[in-house]
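The structure appears right after this line, and notes come after that.
The values are calculated or read from the model by the stated rules, or taken from the named source; none is laboratory data. All values derive from a computational prediction rather than experimental measurement. Here the Cβ positions follow ideal geometry from the backbone for every residue, glycine too, while neighbour counts run over all protein chains shown. The protein model used for the area step is the full one, side chains on, heavy atoms only, and it has no ligands, DNA or RNA in it. Shrake-Rupley method; radii C 1.70, N 1.55, O 1.52, S 1.80 Å.
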Amino acid sequence: MRLAHISDCHLGFGRRGMRFAEQDVYRCFQTAMSEARQWADVILVTGDLFDNVRLDVDALRLAASEFSACKQPVVIVGGNHDVPAMVGVESPLSMLKEMCPSIHLAEREYQRFDVSGLEIHAVPARYLARWTEWIEPDSKWSVLAIHGVHAYSPMRPPGDAWLIPQLYDASRFRYVALGDLHDWHSLPTRYPPREYYAGSTAYCSSNIWSEQSPKGWLKVTIGTLLNVQFVRIKQRGWLTVELDLDSLESDPLIELEMRLNSALIEKLTTGAIHREPPVLRVIIRSADLNRLNQVESSIRAQKLPVSALYVVRRYRNFIVRHHIAQGDLRTRWINYVSSRLNELPKGVDAQEVIRRGLEALELNGDFNDALRVLVHLPDDDPDPILSGTS
């Protein structure tokens, strides 16, 4: 039995107005689906097919087109991004089901599907908090599919909002398909392993700059022996170059060009980069505010071989003056959201806001940078906290 394990496609992704990133997400999803249709007997999507519970017409049309072209059974498990927290609110997944009646959908509740001789037990993200009963397969040809965070994952993010209850025995299933974490990896719970995260098909996390791991999907051959093969999808390069102007001996523009070329060569050598021009983030640090301004202006005036340029300034005196310990930052974020629960829009899950904020803090290390990620502010906007704006 050949199973295509695809996860976390995040169609409709649009972080901080990055339209090209959204197009990359669409391209990668189409690549994964095209390859899966040619190879698989069953296609399994373990959550977060869509990036947002709000309807994105382009994303819905694309998903419907791709799944309508499938001749094999398709099973989709609801994720925390594409299923609203409130019961009774329609999700893009339920709309997709109306457009493609043949797909098997576990949106909120645990469901069992029998497809092509395979017994698939589907546990969506919104069921995790209510999951109290042990799941036991009836057939030796069984797969468990869950969208959530496994306690034994080496990349477990901060917070337990989507923690998977250990109410199953992995040895009783031929394969355990997991979704939610964006890096593909197996869990160190058995040898040989049989619990796998497929990762995401494209760069599409809260902090897209952090995603440097390979993206793609998994070819899972279920037979006498389990064989899992990762299929890589080339991504647009998302590159970061850091320049400490106070310790730099050469011209900053020359140094920037050298480091950019080095990063591009490294990506090309590994075969990880797609043909589109990369996106470049330049972080410049200095205790001299005038020099920061001058170098930023010079960088922006350069004609660099990139599709987009982001310049982030780090004024050293400011960092020292407002330094806060990482532990305090995490507490501050939890308190910040918890004290404003009544201000959250209807249908927004507070635990999800806290989890994503903590993830952004873990990756950025700065409270205000984390807020920028969550509210999608461009880098040249005023500081959302220290400037006094909301």
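Report in % the part of the accessible area of region 68-145 that belongs to carbon and sulfur, leaving out ligands and nucleic acids; probe 1.4 Å.
54
Dipole magnitude of region 17-67 about its Cα centre, charges +1 at Lys/Arg Cβ and -1 at Asp/Glu Cβ only, in debye to the nearest 20?
120
Placing unit charges on C-beta atoms (Lys and Arg positive, Asp and Glu negative, everything else neutral), compute the dipole magnitude of region 245-307 about its Cα centre in debye, rounded to 20.
300
Would you work out which of 223, 268, 256 lies farthest towards the positive end of the dipole of region 201-304? Charges go on Cβ: Lys and Arg +1, Asp and Glu -1.
Value computed over the given set: 223.
If you roll a 1.4 Å probe over the heavy atoms of the protein chains, what accessible area per residue do you get for region 114-242, in Å²?
39
Hey, what D do you get for region 1-116 in µm²/s if you plug the Kirkwood alpha-carbon radius into Stokes-Einstein at 10 °C and 1.306 mPa s?
It diffuses with D of about 111 µm²/s by this estimate.
Per-residue counts of other Cβ atoms within 10 Å, averaged by peptide: what ranking do you get for 131-141, 304-314, highest first?
304-314, 131-141
Putting +1 on Lys and Arg Cβ atoms and -1 on Asp and Glu Cβ atoms, find which of 3, 39, 18 reaches farthest to the positive end of the dipole of region 1-46.
Farthest towards the positive pole: 18.
Please compute the length gained on full extension between residue 276 and residue 258, using 0.36 nm multiplied by the number of residues separating them and subtracting their Cα-Cα distance.
Result for the pair: 4.5 nm of gain on full extension.
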